[in-house]
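Coordinate-derived values only; no laboratory data. Since the model is a prediction, treat every value here as computed from it, not as a measurement. With ideal geometry, Cβ positions are generated from the backbone for all residues, glycine too; neighbour counts draw on all protein chains shown.
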Amino acid sequence: MAAVNIRPLGDRVLVKPLDEKEQVKNGIIIPDTAKEKPQEGEVVALGTGKRDDEGKLIEFSVKAGDKVLISKYGGTEVKVDGVAYLIMREDDILGIIG
């Protein structure tokens, strides 16, 4: 994976959504506009971290390279060099796949 020049802040995570395989039903190709948003992604970068009430840094549960299940409508979409990414809070990640 190529380096991305975005570094999330706080407890935010940069995720690259993974495209679902193009679905074909009865020989009909479903257009992009009718497909659901991807719910899987790969963690690309982590933010600077969140601090608790005492100022201690809370560790992230995910790491760069993890394949994750993401909230369907979570995050903010950003495009870098034509590639779509999502910046989301770690809380919007539902789980780690695998």
Take residue 94 and residue 71, extend 7 Å from each Cα along the Cα→Cβ direction, and tell me the distance between the two endpoints in nm. 1.2 nm
So if R0 is 25 Å, what FRET efficiency would residue 50 and residue 19 give, r being the distance between their Cβ atoms, rounded to the nearest 0.05? 0.25
In the neighbourhood of residue 58 defined by beta carbon distances under 11 Å, the net charge of the other residues (Lys, Arg +1; Asp, Glu -1) is -3
